[in-house]
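The values are calculated or read from the model by the stated rules, or taken from the named source; none is laboratory data. All of these numbers come straight from a predicted model, not from anything done at the bench. Glycine gets a Cβ as well: all are built from the backbone with ideal geometry, and neighbour counts include every protein chain shown. To get the accessible areas, we keep the full protein, side chains included, count just its heavy atoms, and leave off ligands, DNA and RNA. Shrake-Rupley method; radii C 1.70, N 1.55, O 1.52, S 1.80 Å.
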Amino acid sequence: MAYIGKSPQFGVRSRFYFTATGSETSISGTSDGGTTLIYTDGAYVDVYLNGVLLVAGTDYNTTTANTIGGLAALSANDIVEIIVYDVFSVANTLPSTGGTISGTIVLNEVTLNKAVSGKTETATLSANKIIDFDTNQNFVYTLGASINLTNPTTDTSDSIGQSGFIMFIQDGTGNRTVSPGSNYTIPGGGALTLSTAANAVDMVPYVIEAADKIRLGTPQLAYAAIT
């Protein structure tokens, strides 16, 4: 059994009262309050008789599970008070140094001490692309060919409200086109028109509005090269 004190666990103290009918030399079972005497380690049990602390191993023993034995014969209406100390651990907790959480987390209010960046996928595309919005928030793609943005294969309803950007960079040849699938919608219902010059850099904002509905914003075209 773990020690009682400062630790990643929490101390628990349970109190049991038994009123003697007379002649008992052991106490067990259901207390006056209706709870059952249970302990995991007799070293973490205190026993009082009419308010006087008894000496473990001399006045009583805990050699039988969940039983206070070896008592001098009790008198009628004697009060035996038993205090059991134990610990419990909180499951599925993260250490202070951090860790990984899986599954859905609902937070009512969060205060962050620094900016948080969405995970970004960077790749060169020479074939049709299925964007994984579950894994990444932002995307930087160099176009090595004209491609289709194929509809996502994962359920985007889990990502409703997610927003970010898709950066398209023409390779040294240029004139690469991107044709979004039916789950993507373009302002005005037209085609996604990108810059055609070699090495041109365009940014397309997006927001996931609903399941299988990804709204693309108007492309921001031809960012100047950073030297």
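A few comments on the model shown:
- The one condition in (1) at pLDDT 95 or above; (2) loosely packed, with under 14 Cβ neighbours inside 10 Å; (3) β-branched (Val, Ile, Thr) that ILE83 fails to fulfil: (2)
- Leading residue by the ranking (most open to solvent (accessible area, probe 1.4 Å)) among those in the stretch 203-224 that are closer than 13 Å to ILE166 by Cβ and of a type in the set (Ser, Thr, Tyr): THR218
- Selection status of ASN128, more than 30 Å from TYR184 (Cβ to Cβ), of a type outside the set (A, V, I, L, M) and in contact with a strand residue (DSSP E or B) (Cβ under 9 Å, 6 or more places away or on another chain): no
- Looking across the stretch 104-118 at every residue that is open to solvent by less than 100 Å² (accessible area, probe 1.4 Å) and either farther than 16 Å from SER159 by Cα or β-branched (Val, Ile, Thr) (or both), the one that is farthest from the chain's Cα centre (by Cα) is identified as ALA115.
- Here the condition is being under 15 Å from SER14 (Cα atoms) and open to solvent by 50 Å² or more (accessible area, probe 1.4 Å); of THR30, THR64, THR97, it holds for THR30 alone.
- Pairs meeting the criteria (first residue in the stretch 166-180 and closer than 11 Å to SER146 by Cβ and in contact (Cβ under 8 Å) with a residue 24 or more places away in the chain, second residue polar (S, T, N, Q) and crowded, with 20+ Cβ neighbours inside 10 Å, beta carbons under 6 Å, at least 6 apart or on different chains) are ARG176/GLN170.
- Between ALA191, ALA200, the distinction of being aliphatic (A, V, I, L, M) and either touching a Cys at 6+ places or on another chain (Cβ under 7 Å) or open to solvent by less than 40 Å² (accessible area, probe 1.4 Å) (or both) belongs to ALA200 only.
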